[in-house]
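Here, each number is a calculation from the coordinates, and none is a lab measurement. For clarity, every value in this text was computed on a predicted model and none was experimentally measured. Cβ coordinates were reconstructed from backbone atoms using ideal geometry, including for glycine residues, and neighbour counts include every protein chain displayed.
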Amino acid sequence: MSNTNQNKRDIHWMQHAIQLAKHAESMGEVPVGAVLVKDNTLVAEGWNQPISGNDPTAHAEIMALRTAAQILKNYRLVDTTLYVTLEPCSMCAGALIHARVKRVVFATTDPRTGAAGSVFHILNSSELNHKIDIQQGVLAHECSQLLTNFFRNKRK
């Protein structure tokens, strides 16, 4: 596949993840959305739900992985791509490794807890038995603004 086609697909799926992030925000959650895709087909989606679900593990990525595993009837999500609006944390990165996700595309970095290179390098660590291809920066400005505005409004 050409880089141009891949870039278009990445933008398309990230736009979908952004809509999920906005949904999370409307529920009072930190606006993070995630979409899991296989063969350019939507498998599952998720958005942050730890507050509403009283569940510290209910990050957007985890919600998408849980749903995808049920749909595909397999805890291994081989040859899938996860699109997420914010760099995964260490918990989510660990789950992505265990699920054997092939590729992670994220929009904006998380300089406080990011585990795809900002703080930790879990997704492609040579210490682990699975490495994930990482693409960052797809629609980064839009996702960064969504988070900045959310936290600015929270502080008011």
What number, rounded to the nearest 500 deg cm²/dmol, is the helix-based mean residue ellipticity at 222 nm of the chain, given -39500 (n - 2.57) per DSSP H run of at least four residues and division by all its residues? -13500 deg cm²/dmol
Please give the helix 140-155 orientation as an angle from the longest Cα principal axis of the chain, in degrees from 0 to 90, rounded to the nearest 10. 40
Sort 26-32, 6-12, 102-108 for me by packing, meaning the mean count of neighbouring Cβ atoms within 10 Å per residue, highest on top. 102-108, 26-32, 6-12
Take each of the peptides 63-69, 82-88, average the number of other beta-carbon atoms within 10 Å over its residues, and list them starting from the highest. 82-88, 63-69
Cα axis of helix 90-99 to longest principal axis of the chain: angle in degrees, 0 to 90, nearest 10? 30
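Let me check against my output: what whole-number percent is the relative contact order of the chain, with C-alpha pairs under 8 Å and at least 6 apart?
Averaging sequence separation for qualifying contacts and normalising by length gives 19 percent for the chain.
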For the range 85-146 and the range 10-32, write down the distance between their C-alpha centroids in whole Å. 16
Identified option (computed mean projected area of the Cα convex hull in nm²; candidates (1) 14.0; (2) 10.2; (3) 8.9): (3)
On a 0 to 90° scale, report how tilted helix 60-72 is relative to the longest principal axis of the chain, with both axes built from alpha carbons and the result rounded to the nearest 10. 40
